[in-house]
Protein chains: 2
Amino acid sequence: MTKGKLFVISAPSGCGKGTILSEVLKNNKNLFFSVSATTRSPRDGETEGVNYYYITEEEFKREIDNGGMLEYTQYCGHYYGTPKKKVIDKLEQGIDVILEIETIGAMQVKKAMNEAILIFILPPSVPELRRRLNKRGTEKPDVIEKRISEAVDEIKRSYNYDYVMMNDELEVSIKDLEAILTASKLTIDNNKNMIGEVLENA
Amino acid sequence: MTKGKLFVISAPSGCGKGTILSEVLKNNKNLFFSVSATTRSPRDGETEGVNYYYITEEEFKREIDNGGMLEYTQYCGHYYGTPKKKVIDKLEQGIDVILEIETIGAMQVKKAMNEAILIFILPPSVPELRRRLNKRGTEKPDVIEKRISEAVDEIKRSYNYDYVMMNDELEVSIKDLEAILTASKLTIDNNKNMIGEVLENA
């Protein structure tokens, strides 16, 4: 059986990654979304196993020591990471897996699993990103400027990705992401067995 | 301006390539279909500049000598080839171009333009291909067996392609081909300038 494909998607905050991804997951029932683990506490409205797996710092560090984290990072004093076992199990079952993680974690995944396909969502421009973050109205100006500066750092790392798509229009972005997922499964490296089978029964 | 992308599509006779391609061309107005040149005579219902450019053997050979053919081949005593100039002009204008040619010509294109993206359409199986060719009812059994043997040779060359898709259901195949075209434009190599522009205005 053909193994599943591992996709990693990253985007600065405010690029619409969540919306694009939830639409694509709705349309692709065979795509498994990997839920991250974190040591931070659940926020209002968040659900264990949906938004994150909430674990203690002790548990998280034990997982790191046991090689159980595919990637991890620290942010604002908390750990965030991808539990490895579930990802590997799904891939072995022939199911495609998608991780939604930041760029440093994405580089770790690519190093561990070179066949992973990295997809970056760009904002149309940095001023537009600032406009979108301001529009949300949930964050103070200094927090927004911090997000912008982080976004610029993330965009700089996008040169290491396999695909880059700009989220200008949501409908186009959904189609773009689906096209990347579909095309990645049609590459020659993925289909040599299929050619062999067609020839065998000739 | 970003240059257009060159796509080459090949498939054994009876794989439904023509139908898939005409649907995809209908949906993608920015995709230019390159019409081949041939030295054979027009058949009933064929139109100059639509099915082929019909030229004399002398003209064809002159084009070869002048380096004016991107690829060419001989089949049943006639020449078939892709006039280079129009393809190059369209690519320079930022327009994507698609060639529908057989596998030996495709290898020539890849050699001349390594950035060309080669797509092969597989039949679900060789017995199914035979069934489809028989169903057409236009060819005698020995001609069909010749087509099958050519198909097997072509399928063997598909290992050199970038993408392989199986035409089992037409609707799926149309989506597959469109996904390949879309995703090919979203690769990092195609979009480094875009990242640069987003960062420049940060």
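Just a yes or no: is a residue in segment B:13-21 in a helix (DSSP H, G or I), at pLDDT 95 or above and more than 18 Å from the chain's Cα centre (by Cα)?
So far as segment B:13-21 goes, no, none of its residues is in a helix (DSSP H, G or I), at pLDDT 95 or above and more than 18 Å from the chain's Cα centre (by Cα).
Can you say whether residue A:160 is more than 10 Å from every other protein chain (Cβ to nearest Cβ) and at pLDDT 90 or above, as far as the supplied structure shows? Explain how you work it out, then say what you get.
Numbers: more than 10 Å from every other protein chain (Cβ to nearest Cβ): no; at pLDDT 90 or above: yes.
No; evaluated as a whole, the condition is false for this residue.
Go through B:186, B:177 for me and flag whichever is within 10 Å of chain A (Cβ to nearest Cβ), surrounded by 13 or more Cβ atoms within 10 Å (Cβ to Cβ) and touching a residue at least 12 places away in the same chain (Cβ under 8 Å).
Values: B:186 fails: touching a residue at least 12 places away in the same chain (Cβ under 8 Å).
Exactly one of B:186, B:177 is within 10 Å of chain A (Cβ to nearest Cβ), surrounded by 13 or more Cβ atoms within 10 Å (Cβ to Cβ) and touching a residue at least 12 places away in the same chain (Cβ under 8 Å), namely B:177.
Is it true that some residue in segment A:42-65 is aliphatic (A, V, I, L, M), modelled with pLDDT of 95 or more and farther than 27 Å from residue A:185 by Cβ?
Taking segment A:42-65 and keeping what is aliphatic (A, V, I, L, M), we get A:50, A:55, A:64.
If we keep only those that are modelled with pLDDT of 95 or more too, we end up with A:55, A:64.
Within this subset, residues satisfying the condition of being farther than 27 Å from residue A:185 by Cβ are A:55, A:64.
Checked against the condition, which is being aliphatic (A, V, I, L, M), modelled with pLDDT of 95 or more and farther than 27 Å from residue A:185 by Cβ, segment A:42-65 yields at least one hit.
Among the residues of segment B:141-157, are any among the small types (Gly, Ala, Ser), under 24 Å from residue A:177 (Cβ atoms), in contact (Cβ under 8 Å) with a residue 40 or more places away in the chain and surrounded by 15 or more Cβ atoms within 10 Å (Cβ to Cβ)?
If we filter segment B:141-157 for residues that are among the small types (Gly, Ala, Ser), which is where we start, we get B:149, B:151.
Those left that are additionally under 24 Å from residue A:177 (Cβ atoms): none.
So far as segment B:141-157 goes, no, none of its residues is among the small types (Gly, Ala, Ser), under 24 Å from residue A:177 (Cβ atoms), in contact (Cβ under 8 Å) with a residue 40 or more places away in the chain and surrounded by 15 or more Cβ atoms within 10 Å (Cβ to Cβ).
Please tell me if residue A:116 is of a type outside the set (Val, Ile, Thr) and more than 30 Å from residue B:125 (Cβ to Cβ).
Numbers: of a type outside the set (Val, Ile, Thr): yes; more than 30 Å from residue B:125 (Cβ to Cβ): yes.
Against the criterion (of a type outside the set (Val, Ile, Thr) and more than 30 Å from residue B:125 (Cβ to Cβ)), residue A:116 qualifies.
Inspect all residues belonging to segment B:120-134 and state whether any of them is of a type outside the set (Gly, Ala, Ser) and closer than 25 Å to residue A:176 by Cβ. Outline the logic, then answer.
Just the residues of segment B:120-134 that are of a type outside the set (Gly, Ala, Ser), to begin with: B:120-124, B:126-134.
Those still in the list that are closer than 25 Å to residue A:176 by Cβ too: B:120-121.
For segment B:120-134, residues of a type outside the set (Gly, Ala, Ser) and closer than 25 Å to residue A:176 by Cβ: present.
Using the structure shown, decide if residue B:138 is more than 16 Å from the chain's Cα centre (by Cα) and within 30 Å of residue A:161 (Cα to Cα). If you could, list the steps in order and put the result at the bottom.
On the way: more than 16 Å from the chain's Cα centre (by Cα): yes; within 30 Å of residue A:161 (Cα to Cα): no.
Judged against the criteria, residue B:138 is not a match.
Considering each of B:195, B:121 in turn, give the residue that is at the interface with chain A (Cβ under 10 Å from one of its Cβ atoms) and aliphatic (A, V, I, L, M). Write out each step before concluding.
Numbers: B:121 fails: at the interface with chain A (Cβ under 10 Å from one of its Cβ atoms).
Being at the interface with chain A (Cβ under 10 Å from one of its Cβ atoms) and aliphatic (A, V, I, L, M) holds for just one of B:195, B:121, which is B:195.
Spot the failing condition for residue A:42; the list is (1) of a type outside the set (Asp, Glu); (2) surrounded by 14 or more Cβ atoms within 10 Å (Cβ to Cβ); (3) touching a strand residue (DSSP E or B) at 6+ places or on another chain (Cβ under 9 Å), and only one is missed.
The single condition residue A:42 does not satisfy is (2).
Of the residues A:98, A:20, A:88, A:9, which is under 25 Å from residue A:194 (Cβ atoms) and crowded, with 20+ Cβ neighbours inside 10 Å?
Details: A:20 fails: under 25 Å from residue A:194 (Cβ atoms); A:88 fails: crowded, with 20+ Cβ neighbours inside 10 Å; A:9 fails: under 25 Å from residue A:194 (Cβ atoms).
After ruling out the rest, the residue left standing is A:98.
Looking at segment A:119-137, I want the residues that are more than 19 Å from residue B:186 (Cβ to Cβ) and have a partner that is part of a loop (DSSP other than H, G, I, E, B) and at pLDDT 90 or above with Cβ atoms under 6 Å, at least 6 apart or on another chain. Which pairs are those?
Pairs that qualify, where the first residue is more than 19 Å from residue B:186 (Cβ to Cβ) and the partner is part of a loop (DSSP other than H, G, I, E, B) and at pLDDT 90 or above, are A:129/A:123.
The values are calculated or read from the model by the stated rules, or taken from the named source; none is laboratory data. Note that the structure is a prediction, hence the values are computed from the model and not measured. With ideal geometry, Cβ positions are generated from the backbone for all residues, glycine too; neighbour counts draw on all protein chains shown.
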